[in-house]
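Worksheet for the structure shown next.
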Amino acid sequence: MNPILSRNSFFVKEHVGMFKAANNFDIFNPENQEMIMTCREEKLGFFTKMLRFTDYKRMTPFDIEIKTVSGEKVLTIKRGVSFFLSTVEVFDENDNLLGKFKQKFFSIGGKFDVIDSTENILCTLKGKWTSWDFKFSKGETEFAHVSKKWAGIGKELFTSADNYMLTIDEKVTADNPMRILILAAVMCIDMVLKE
């Protein structure tokens, strides 16, 4: 696991674009505003691009890579065509399956399970239907929190770009693979639950 993932806070900024098909984000250290990772959807086919501008956007597949600024792969997030409920796979820097996200049926505000490679539920991502606020938890234990950072009225009204603050609790140790799954899940919230 890349040591960059041992941090407890990440600021995620979506690329601004009025007519964008790909999901692209930059990930920053919130303490000094230094960009530390990039999240890019580079393998986007022609038909998928076209469908991203239709009502079928939530059904389209994606293949996203998160890399360090120097170009080292940190993780890959993939989903095939999704007709009803999404299952997203997460791979480490060596393309080994780390886990999955499985969307829950009839959840108000959005919900999916974060599952390891042996199908054990590590935690559940739950959102509030009244706001863009998500928690990773299991029972009463909260592992991480994601909130939307307001980017100003102009950006909010005229683009689909969002900013997020991810805070991982210190109880998730620096070498815990759950960190990779939590970061990957943040990149999928819009694509799986909110679009």
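The values are calculated or read from the model by the stated rules, or taken from the named source; none is laboratory data. Since this is a predicted model, take the numbers as computed values, not measurements. No Cβ is skipped: glycine too gets one built from the backbone with ideal geometry, and neighbour counts run over all protein chains shown. Ligands, DNA and RNA are stripped out before the accessible areas are found, and what is left, the full protein with its side chains, is counted by its heavy atoms. Shrake-Rupley method; radii C 1.70, N 1.55, O 1.52, S 1.80 Å.
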Inset, instruction - Could you tell me which numbered condition Lys194 fails, if it satisfies all but one of (1) modelled with pLDDT under 85; (2) open to solvent by less than 60 Å² (accessible area, probe 1.4 Å); (3) within 19 Å of Pro61 (Cα to Cα)? - result: (2)
Inset, instruction - Quick one: Phe84 ticks every box in (1) open to solvent by 70 Å² or more (accessible area, probe 1.4 Å); (2) modelled with pLDDT of 85 or more except a single one, so which number is it? - result: (2)
Inset, instruction - For Lys67, indicate whether it is of a type in the set (D, E, K, R), farther than 20 Å from Leu125 by Cα and modelled with pLDDT of 90 or more. - result: yes
Inset, instruction - Hey, could you check the stretch 88-113 for residues that are in a strand (DSSP E or B) and at pLDDT 90 or above and say which is surrounded by the fewest Cβ atoms within 10 Å (Cβ to Cβ)? - result: Leu97
Legend entry - Tabulated pairs, the stretch 95-121, first on the phi > 0 side of the Ramachandran plot, second modelled with pLDDT under 80 and of a type in the set (D, E, K, R), C-beta under 6 angstrom, 6+ apart or interchain: Gly109/Lys128
